[in-house]
Amino acid sequence: MIDLKRCIAVLVTVLLAFSLTACSAQSLKLQQLPEATAAPTAAPAPTAAPTAAPAPASAPTEAAETGNSVMELGNHVVVNVVNNLEVFTAPDGTEQTILNFAYENARVFVEGREAASAAINAVLGVGDELYYSGEGEHSGMNGLLEMATDNYARAKDTGEDLALEFSSSRSVTVGRSDDRVLSLVYSVRGFDGGVSALMYDRAYTFDTESGKQLTLVELSADGEALRSFLIKTLKQQAEANAAAITLADDADTQLDALLREGNWSLTGSGIDIFANADEIETANGGIIHFVIPYESLASYIDSKWLPVGRGGSGEIRLSQQEDVAAGSVEYFDRLLVDEDGQHLCLMVDGVVYDLELWRVAYAGAFYPSHLLWHGSYLQNAALQLDTLIPDGIPSLMVRYKDADGNQVSRLISQSGEDGSLLLIDPDEFQTVG
């Protein structure tokens with residue numbers, strides 16, 4: 001399966017406007033940044049450590065018949081994400097914005113595996129520093145600021161009609177998280193006046209038992225056989241979509257180049273291999289994602305990297321903290337979304353998987369803009385939320401998957417009539433009156 005992802009300027013602008021969680025308007029002053037280190041100090045774990053679940057994922061019990069039956073699902077994996085935006089204005093004292101530099105930093109907690117958590121966070125910390133200070137074609141914050149400053153001075157001196165506002169935004173999504181594997185994908189999108197392509201994805205895939213960052217070779221006992229199979233399959237997918245994709249004359253070499261670290265991840269359904277923007281010619285431009293299902297990979301990768309079977313069912317509901325009787329529910333974690341927000345409990349009855357909290361933007365439909373929290377699963381427990389619920393259009397969305405991988409999305413809202421908390425299907429939002 002191939003997914004073509006395009007960078008839509010209007011949507012990027014809308015989503016960037018919602019990046020103000022840690023926004024600081026700054027005057028023009030270049031900062032001296034430290035060089036990236038091999039092992040930066042690990043960020044702290046989430047605010048509250050989840051309660052232990054004793055059984056390893058390598059020996060899951062059979063799927064429960066009812067949602068409230070307790071299943072042994074292995075160690076929880078939690079991803080906390082901090083959203084940041086630095087805004088820089090022109091040096092002449094005007095209010096003209098010349099650079100929006102947004103970035104999301106993820107920190108991971110693997111239940112019962114402190115060393116693994118620290119190892120994962122050390123790798124992610126290096127990636128954070130490289131995005132901020134610059135790597136490859138990406139100039140980093142200082143480099144973009146210099147370019148934006150020069151661009152503004154040129155427009156002012158010559159009167160040329162130049163786009164004055166540069167931007168770079170890095171967001172993170174969780175491709176897969178379970179007792180065996182964690183895959184995070186960082187997407188960078190931006191504008192630097194057309195000097196370079198600010199559109200690429202970078203992936204990090206970890207063994208959640210050891211915290212080691214995985215390479216393709218480590219997925220298989222026969223790395224060469226796996227590599228040959230992947231190239232063959234990528235070529236087949238591209239040729240099946242010849243109307244949208246044009247391969248080079250030496251297609252094998254072109255596709256082999258995609259099998260590099262940072263350009264693949266493991267998902268819930270298979271391996272996702274992607275090209276950088278303009279690396280492969282397409283009809284519509286953008287980044288191509290090739291997804292090869294686990295069913296096809298089973299003969300080529302070690303079974304320990306295949307997803308653990310999921311079972312059971314569950315539902316979510318939302319309550320005011322004060323309405324939850326003491327001792328009636330196990331609190332898994334607490335998330336501070338907004339200062340002075342309402343104290344809420346997101347309750348899970350039964351079991352749900354890949355539970356996430358997102359900030360959302362509205363532009364005719366709801367678009368997830370920033371991931372705030374991800375948990376590999378939640379079972380008969382509650383996530384405490386301190387958050388504001390705006391009047392009118394909701395700004396937060398809860399998403400989770402059932403055992404079959406079907407995704408459910410619900411907006412967090414509140415009735416204007418009686419103040420009751422609401423979880424609304426985004427597709428039905430306009431009918432709620």
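The table below gives the values:
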{"read-out": "Rg(Cα)/(2.2 N^0.38 Å) for region 292-355, N = residue count", "value": "1.72"}
{"read-out": "Highest-first arrangement of 357-368, 329-340, where packing means the average Cβ count within 10 Å", "value": "357-368, 329-340"}
{"read-out": "Rounded, prolate or oblate (a/c below 1.5 giving rounded, otherwise prolate when a/b exceeds b/c) for region 126-248 by Cα gyration tensor", "value": "oblate"}
{"read-out": "Net charge dipole size for region 204-350 [Lys, Arg +1 and Asp, Glu -1 on Cβ; Debye, nearest 20]", "value": "400 debye"}
{"read-out": "Heavy-atom accessible area per residue - region 119-205, 1.4 Å, Å²", "value": "36 Å²"}
{"read-out": "Region 185-242 shape via C-alpha gyration tensor axes, a/c threshold 1.5", "value": "oblate"}
{"read-out": "Charge sum, other residues only, whose C-beta stays under 13 Å from SER167's C-beta, Lys/Arg counted +1 and Asp/Glu -1", "value": "-1"}
{"read-out": "Segment ALA298-ALA240, extension gain: residue separation times 0.36 nm, minus the distance between their alpha carbons", "value": "18.6 nm"}
{"read-out": "Distance between modelled label sites at GLU72 and LYS212, nm, 7 Å Cα→Cβ extension", "value": "2.6 nm"}
{"read-out": "Positive-pole candidate from SER167, GLY190, SER177, dipole of region 160-208, charges at beta carbon", "value": "SER177"}
{"read-out": "Gain on full stretching of the segment that runs from ALA365 to VAL82 - 0.36 nm per residue minus C-alpha separation", "value": "99.4 nm"}
{"read-out": "Shape category assigned to region 130-176 from the gyration tensor of Cα positions, a/c cut at 1.5", "value": "prolate"}
{"read-out": "D (Stokes-Einstein, µm²/s), Kirkwood Cα radius, region 287-433, 1.002 mPa s at 20 °C", "value": "126 µm²/s"}
{"read-out": "For TYR300, net neighbour charge (Lys/Arg +1, Asp/Glu -1) across residues whose Cβ lies under 12 Å away", "value": "-2"}
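The values are calculated or read from the model by the stated rules, or taken from the named source; none is laboratory data. Predicted model only: the values in this text are computed from it and were never measured. Backbone-built Cβ (ideal geometry, glycine too); neighbour counts: all protein chains shown. Please note that ligands, DNA and RNA were not included when accessible areas were found on the heavy atoms of the full protein model with its side chains. Shrake-Rupley method; radii C 1.70, N 1.55, O 1.52, S 1.80 Å.
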